[in-house]
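Below is one structure; the comments refer to it alone.
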Amino acid sequence: MFKLSGVHVKHCKNTAKLKAERIPTPKSITVPMSMHIGAPAVPIVKVGDTVKVGQLIGEADPGLSSPVYSGVSGTVKKIDGIISISGAQIPTVVIESDGEQTIAESVVPYEVNTREEFLEALSRSGIVGLGGAGFPTLVKLKADVSKIDTLLINGAECEPYITSDTRTMIDDAAAVADGIRLVAGFLEIKNIVIGIEKNKLECIASMRRAVADIAGASVKPLPSVYPQGGEKVLVYHTLGRVIKEGGLPLDCGVIVMNCTTIAAISRFIRTGMPLVEKCITVDGSAVATPKNVIAPIGTPVMDLIDFCGGFSEEPRKMLYGGPMMGIALPDTSSPVLKQTNAVLAFGKKEATPPKVTPCIKCGRCVEHCPFGLDPTAISKAYKENDPETLEKLKVNLCMECGCCSYVCPAKRNIVQRNKMAKTMLRNYQIEKKKREEAQKNG
Amino acid sequence: MDNGMLLVSPAPHIRSKTNTQSIMLDVIIAMTPALIASTIIFGWRALVMVAVCVASCVLFEFLFQKLCKRDVTVGDLSAVVTGMLLAFNLPVRIPIWQAVFGCLVAIVAVKQLFGGIGKNFANPAITARLVMTISFAGTMTNFATSADATSSATPLALMGTESMPSLLTLFLGNHGGSLGETCALALIIGFVYLLVRRVITWHTTVVFVGTVALFTLCLGQNPLEHVLSGGLLLGAIFMATDYSTTPSTKWGKVIFGLGCGIITVLIRVFGGYPEGVSFAILLMNILTPYISKLTRRKIFGGVKRK
């Protein structure tokens, strides 16, 4: 089978051997109501209310959404709006911790016997895709599963630096296996594949041991090439199935879940504690002692840095997530989100953007694109304001993995241009649809 | 702490080490064995010619960009590569002023007037060489190996005669020809270096040379003599692999090499010029956009729209 291309990035998995440590309870947490794809949750607490760990503070919107729970016990100080990374104003609950970490009465283990009960319980978990996408897990599992034959667990963790999934697979292997039993059992999925990059030998061994007694479960070592964790790449390299344009893994019989997400499902069902804390890799050249930490969702990233010995040099760039697809943080008070798997801080040397020079048409961006897109042609069509050509070039398939920008010798911001071209194409298609409908009606 | 200092920029936040300058430096390193060989074969004047061409190319690029108030990009070393390549394509005895004129054509007319690095559609060194071949027919075909020697013909002109050099001589390069083209050994060392450094892939070069060998064999000629004579190796390794003027896809490179090989043999065997490599590459340069379009990679998971 031919393999999709990608890039060899320096792994920098400095924290792979470090077990996650719990940080001291933060003084206050800032919890945005939107840490998932879909509509924001609606705050149900008022300023002055006392809340406990695991208590519901934001109710899920009836549509695509996810509820939000408190990670500390304390008092609601503020209900505010913050500007999210995407620029939208998002309601946010600020809770001052009392340091007691009293657990809410609602937190009791679940007794689930049927698929309905399982999904009913999950609707109170607040769990979203923890690999970074933040897609509400319940919605994924609620879909028509009659055609699903495979549960695919994403343990690729192909981004440099991040080791939170690695630690989950090593320290929480039992939870991963239990989560697999729950999901595969209730959804009646026979075939379970765990995809792990083959440089993570310890994870492969640990997961093989953990799922040894689960019928139909196997571990598939993957090439250690970024981006193995991309959904379409993963599905293809583990199962040889191709997710067609516009399709979902569902369309080829697969449910894909991150290993940390599935461990969270097990923990939730067994303890009743919804998703209120997260294992996060704190690393980067500007962090004094890189660590894996467990912190309540909403903890300001500065608290994580302080726990890791503070900054070793002045930070010039901070990221949510890995260096290939991570999002740059505007300031150190930004909170840890549900889908945050790493907080990275870099000094001047790494943060200084390279000088952009003219394209020399070397073709590296084309050669390294996992999906075979042609960024040079996309860029040209974008500059010429030509969405029809963009449609033919299928820029809509770009998963924004960043391989093109990474390999570009002229240091051009190619993936950024692709994103803009995607927007141009989307707007054009919306306009076209409107025009066609208007024609039909008129 | 001053939070205003955090830089917010789009992903990815790490980049590979390779940049335009490092690629060009690799090409220069790959041409160094041929430069040394040409100095041994043709004497110090070879080194002088290369120095003159490199200096004029860099100077013309600098002056043109200053004059047009564009960013000066001589630091990317691409003008150095063009200068070296052009010098490699000239006979050692050519008057300096003619070489300088060639550099003017390469850098200003072929490269900068089309927008500079990456935007030119024709290979600057090859086009300049062809302009010079037509303009200075006498000096461009005087392949005397040293100042006092009488003009010596290139192996391509001698092919089939008794004075045709042996294959070993052809391989080591001690015969008439342009500066950098004669020593096959040195060129192949450069080729291996470029492959190891992943600056180029093998496709264009191997298909180009292979086509020439196969085609000449079919025509009843000695394929090894054809491969080792003239500018084939220089062209196939260093000029048919130029990024901006040749296709970037694997199959595009194969088609490009195939076309170059066929045209080269047609000119060499049936045409009026003894050598056809330059014309072949230039003609294929013109077809490059079409080849690129025809050989686009298949898009993973792409669905044809009605």
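What follows is calculated from the coordinates using simple rules that are stated; it is not laboratory data. In this text the structure is predicted, and so the values were computed from the model without any measurement. Backbone-built Cβ (ideal geometry, glycine too); neighbour counts: all protein chains shown.
The table below lists the values:
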| item | result |
| --- | --- |
| Spin-label model distance (nm) - A:GLU436 vs B:CYS68, 7 Å beyond Cα toward Cβ | 4.3 nm |
| Those aspartates and glutamates that a straight Cα-Cα span of less than 19 Å connects to A:LYS440, excepting residues fewer than 8 apart in one chain | A:GLU431 |
| Reciprocal of mean inverse Cα separation for the stretch A:130-271 (Kirkwood radius, Å) | 14.8 Å |
| Over 21 Å (Cα to Cα) - which of A:LYS198/A:LYS394; A:LYS10/A:LYS411; A:LYS317/A:LYS380; B:LYS17/B:LYS298; A:LYS220/A:LYS278 fall in this group | A:LYS198/A:LYS394; A:LYS317/A:LYS380; B:LYS17/B:LYS298; A:LYS220/A:LYS278 |
| Residue-averaged 222 nm ellipticity for chain A, from DSSP H runs of 4+ at -39500 (n - 2.57), nearest 500 | -9000 deg cm²/dmol |
| Other-chain or far-sequence residues with amide H under 5 Å of A:VAL343's (modelled H) | A:THR281, A:VAL282, A:ASP283, A:GLY321 |
| D_trans [Stokes-Einstein, Kirkwood Rh over alpha-carbon pairs] for the stretch A:364-441, 37 °C, 0.692 mPa s, µm² s⁻¹ | 253 µm²/s |
| Alpha-carbon Rg/Rh ratio, for the protein assembly as shown, with Rh computed the Kirkwood way | 1.08 |
| Axial C-alpha extent at least 20 Å, average Kyte-Doolittle at least 1.6 - helices from chain B (DSSP) | B:20-42, B:44-67, B:203-218 |
| R0 of 30 Å, Cβ-Cβ distance A:ARG270-A:ILE44: FRET efficiency to nearest 0.05 | 0.70 |
| Where only C-alpha atoms are counted, convex hull volume of chain B per residue in Å³ | 187 Å³ |
| Chain B: calculated mean residue ellipticity at 222 nm from DSSP helix runs of at least 4, using -39500 (n - 2.57) | -16500 deg cm²/dmol |
| Per-pair calculated FRET efficiency, R0 = 60 Å: B:LEU195 and A:SER123 via Cβ, rounded to 0.05 | 0.55 |
| Cα gyration tensor category, rounded, prolate or oblate, for the stretch A:91-208 with a/c compared to 1.5 | oblate |
| Pairwise FRET efficiency - A:GLU59 versus A:ASP80, Cβ, R0 = 25 Å, nearest 0.05 | 0.90 |
| Percent of alpha-carbon pairs separated by more than 44 Å within chain A | 11 percent |
| Cα point-scatterer Debye curve for the stretch B:1-92, base-10 log of I(q)/I(0) at q = 0.17 Å⁻¹ | -0.80 |
| Principal axis box of the stretch A:1-106, alpha-carbon based, largest edge first, Å | 58, 35, 27 |
| Ranked by how many other beta carbons lie within 10 Å on average, peptides B:172-183, A:135-146 from highest | B:172-183, A:135-146 |
| Within a Gaussian network of chain A (alpha carbon springs, distance under 10 Å), most fluctuating of A:LEU18, A:LEU319, A:LEU337 | A:LEU18 |
| Neighbour net charge for A:PRO136 - beta-carbon separation under 14 angstrom, K R +1, D E -1 | +2 |
